[in-house]
């Protein structure tokens, strides 16, 4: 709830309403799905949404090869959106059909 409460009105509107109760992964991570994204918590809470969320889910979400998010979405100098994860980065730019993944 603290992460949700920390969002501004526009971000709360984009995130939308919860689609179910908070869930716990076998490794202890916690998440809650919303109409427009998900809030994920391990040691900190992050929001993942849009095309970045779509790509992350396609790769298995927090239990997949990228693991948990390590940042909220940020905007790069070129206008692209980016979220960092334990094992990579997902980037998306307006107009792109899908996000791109860089593993590390």
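The values are calculated or read from the model by the stated rules, or taken from the named source; none is laboratory data. All of these numbers come straight from a predicted model, not from anything done at the bench. Here Cβ is always computed from backbone atoms with ideal geometry, including for glycine, and neighbour counts include all displayed protein chains.
Could you grab me the full set of residues in the range 83-103 that are more than 13 Å from residue 54 (Cα to Cα), surrounded by 15 or more Cβ atoms within 10 Å (Cβ to Cβ) and touching a residue at least 24 places away in the same chain (Cβ under 8 Å)?
85
Any idea how many residues of the range 30-79 are under 8 Å from the mean Cα position of the chain (by Cα), under 17 Å from residue 2 (Cβ atoms) and touching a residue at least 40 places away in the same chain (Cβ under 8 Å)?
Qualifying residue count for the region: 2.
For the range 67-83, which positions are farther than 20 Å from residue 28 by Cβ and part of a strand (DSSP E or B)?
Those that are farther than 20 Å from residue 28 by Cβ and part of a strand (DSSP E or B): 74, 75, 81, 82, 83.
Would you mind stating whether residue 27 is in contact (Cβ under 8 Å) with a residue 24 or more places away in the chain, loosely packed, with under 11 Cβ neighbours inside 10 Å and not in a strand (DSSP E or B)?
Yes.
Just to be sure before I move on: is residue 28 out of contact with any helix residue (DSSP H, G or I) (no Cβ under 7 Å at 6 or more places or on another chain) and modelled with pLDDT under 95 in the structure I sent?
In short, yes.
Which condition number does residue 5 fail, the rest of (1) at pLDDT 95 or above; (2) in a helix (DSSP H, G or I) being met?
So residue 5 meets the others, but not (1).
Quick check on my filter: what residues within the range 11-24 are surrounded by fewer than 18 Cβ atoms within 10 Å (Cβ to Cβ) and either in contact (Cβ under 8 Å) with a residue 40 or more places away in the chain or within 19 Å of residue 92 (Cβ to Cβ) (or both)?
11, 14, 16
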